[in-house]
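The values are calculated or read from the model by the stated rules, or taken from the named source; none is laboratory data. From a predicted model like this one, the values you see are computed outputs, not experimental measurements. Virtual Cβ from ideal backbone geometry, glycine too; neighbours counted across all protein chains shown. Each accessible area value is taken on the protein alone, full model and side chains, heavy atoms only, with ligands, DNA and RNA left out. Shrake-Rupley method; radii C 1.70, N 1.55, O 1.52, S 1.80 Å.
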Amino acid sequence: MNDSQPTSPRRRLQSLLAIPDSQRTEEQWDELIELEISLAPVNQKKPGEQTAEPAGRAPRGGGPKRPRAGGNGGARKKTFSNKKTASQGGRSAPRGAVSE
């Protein structure tokens, strides 16, 4: 290629994609990934467009909080213990233990 003219990013991406995966060097993989990210439509800035958020930060969903699905209104579930009381035969064996 002629070094006097810079290669467009899209043309460079096409030339990197023409190289079989198994023959690409680490540097070529890095450049390919960087070009794919920078050329993705979501990362293209339109003329006159300003970003509302600093780079690297996604806007957070504002507004009122909605209750999560579940139906119990945030109440905790009641847990039950299966330990025997003294009136039911004393202490129980630990889980997984073989009783005699």
request  = Any residue in region 8-22 that's open to solvent by 70 Å² or more (accessible area, probe 1.4 Å) and assigned to a helix (DSSP H, G or I): show its pairings with residues that are of a type in the set (Asp, Glu) and at pLDDT 95 or above at Cβ separation under 7 Å, as long as the two are six or more apart or on different chains.
outcome  = none
query = Within the set of pairs 6+ apart or on separate chains, which have a first residue in region 27-47 that is touching a residue at least 24 places away in the same chain (Cβ under 8 Å) and closer than 16 Å to ARG12 by Cβ, a second that is among the hydrophobic types (A, V, I, L, M, F, W, C) and outside any loop (DSSP other than H, G, I, E, B), and C-beta atoms under 9 Å apart?
reply = LEU35/LEU13; LEU35/LEU16; LEU39/LEU13
query = How many residues, within region 23-43, are open to solvent by less than 70 Å² (accessible area, probe 1.4 Å) and outside any loop (DSSP other than H, G, I, E, B)?
reply = 6
